[in-house]
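Inspection log for the structure reproduced underneath, given as structure tokens.
Derivation of every value follows stated rules applied to the coordinates shown; laboratory data play no part. Note that the structure is predicted; figures quoted are calculated from it, not measured. We place every Cβ from the backbone using ideal geometry, glycine too, and count neighbours over all the protein chains shown.
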Amino acid sequence: MRVRWMSSVVAVLMVVGTMICGSWSEGADEAAPKSVRIAVVNSLIKELPWNTGLVQALERVSEEKPFGLTVKWDFVENVSNADAQRVMNELAKTGKYDIIWGHDPYPEAVKVLSKKYPDILWVIAGAGNEVIGPNVYWVDEFLHEAGYLCGMIAGMMTKTDVVSVVASYPYPPINLPVNGFFDGAKAVNPKVKGKVTYIEAWLDPMKAKESALAQIAAGSDFVYAERFGPFEACKEKGVGAFGHMVDQWDITPEVVVSSTMYMWDPVIKYVIKDWLNFKKTGKPLNAPQERIIFTMKNGGVDIAPYHLWDKKIPQKVKDAVAQAKKDIISGKLVVPQRPEKAVSD
């Protein structure tokens, strides 16, 4: 998720009701499409959480068959920005794909190709992108609310009043859940001190582990692992950890309390619905000319189940988190978006 922050104010598009679920009548139009095919392109491997979350959502949506459609998808990994236009053009010219999804900042390539292939619905995901045109959907999900809920658990359960985060880079989309985690911890426990280490790498498990060990030595008994590596340190030292972007419980079951989670399902169904309307009516695609942001209210993010920690977490903690989640969804609780670099106390 390499990004550059857009300074302009972004609008949150509330995707509810028929925007996601639709009301197509199965069998009502024999000429209507029966399937949709999606190509996903990313610069890294699909096993990294940013990609894994989308893959898991595609699998769930495929099983659901939204609007009666068979959803087929392919994932192309390790595509650099320099090579993106060539790769996406090869995908487009096959005529196999209805939606081409750039799960990375590929604005320059998509600017060219979206005009060349106007009947393809293009998706660009995450920060670092920009508004391009009517057949390009710029989508994103913000994790600050999920980070806040995980922080509440840490803040209520810490015995040392020190919690910490190991993160990659101090970029705004990363800072959002990091600051959210600290905000949640301090909201329930004003005595909490937060420690953060940016390892300045997307994938360096050893450095991330060493950073977590240093934080634990400094008193942290709950670590939010924004990168791979800290779980091993937490297991060695017997402290709790939180995963990032996807449910990472299966990596180290005895350590992971919960995880922040991207839930791309409503995003996928949103763009599929617009593509289906385009195919059924012939009306040109008309993507919102702004970033389409999904949050907890419209199902774009969540926290993972507690798994082995379910019996370890006091009921009052679980109740507080459940109530906070309800309040976030209803709008009663507004978690601030803080994109600035997190600072240790």
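What the table shows:
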| quantity | calculated |
| --- | --- |
| Amide H contacts under 5 Å for ILE292, placed H, 5+ residues apart | TRP138, VAL139, ASP140 |
| Those lysines that a straight Cα-Cα span of less than 17 Å connects to LYS191, excepting residues fewer than 8 apart in one chain | LYS159 |
| Choice from GLY184, GLY68, GLY194 with maximal GNM fluctuation in the chain (Cα, 10 Å cutoff) | GLY68 |
| Only Lys, Arg (+1) and Asp, Glu (-1) charged, at Cβ; region 138-262 dipole about Cα centre in debye | 500 |
| Cut-off under 5 Å, modelled amide H: who pairs with GLN248 long-range | GLY243 |
| Mean separation of Cα contacts under 8 Å, 6 or more apart, over the residue count of the chain: relative contact order % | 21 |
| Sparse-neighbour loop sites [trypsin sites (Lys or Arg not before Pro); region 48-98; at most 14 other C-beta within 10 Å; DSSP] | LYS96 |
| Distance in nm between pseudo-label sites at GLU63 and LYS283 (7 Å out along the Cβ direction from Cα) | 3.4 |
| For a label point 7 Å along the Cα-to-beta-carbon line of ASN78, residues of region 40-58 with backbone N under 16 Å | 41-48 |
| Helical mean residue ellipticity (222 nm; -39500 (n - 2.57) per DSSP H run of 4+; nearest 500) of the chain | -11500 deg cm²/dmol |
| Whole-Hz couplings from phi, Karplus 6.51/-1.76/1.60, listed for region 154-171; x for Gly and Pro | 4, x, 7, 9, 4, 9, 9, 6, 10, 10, 8, 9, 10, 10, 7, 10, x, 8 |
| Additional length obtainable on full extension of the chain from ILE251 to LYS116, 0.36 nm per residue less Cα span | 44.3 nm |
| Cα principal axis extents for region 110-203, largest first, Å | 59, 25, 16 |
| Shape of region 240-292, Cα gyration tensor, a/c cut at 1.5 | prolate |
| Rounded if a/c under 1.5, otherwise prolate or oblate - region 184-264, Cα gyration tensor axes | rounded |
| Rough spin-label spacing in nm, given labels placed 7 Å along Cα→Cβ, for THR70 and VAL334 | 4.7 |
| For region 328-338, Karplus couplings with θ = phi - 60° (6.51, -1.76, 1.60), whole Hz, Gly/Pro x | 5, 5, 6, x, 5, 10, 10, 7, x, 8, 10 |
| Placed amide H near GLY240: partners under 5 Å, 5+ positions off or other chain | VAL223 |
| Selected from THR94, THR197, THR252 as most flexible by GNM, with the chain as the system and alpha-carbon contacts under 10 Å | THR94 |
| Paramagnetic reach from GLU200 in region 162-186 [backbone N under 19 Å; point 7 Å along Cα→Cβ] | 165-172, 174-175 |
| Note, ³J(HN,Hα) from phi for region 220-227, Karplus 6.51, -1.76, 1.60, rounded to Hz, x at Gly and Pro | 5, 10, 9, 10, 8, 9, 6, 10 |
| Candidates ALA217, ALA320, ALA304, ranked by Gaussian network fluctuation over the chain, Cα under 10 Å, top entry | ALA217 |
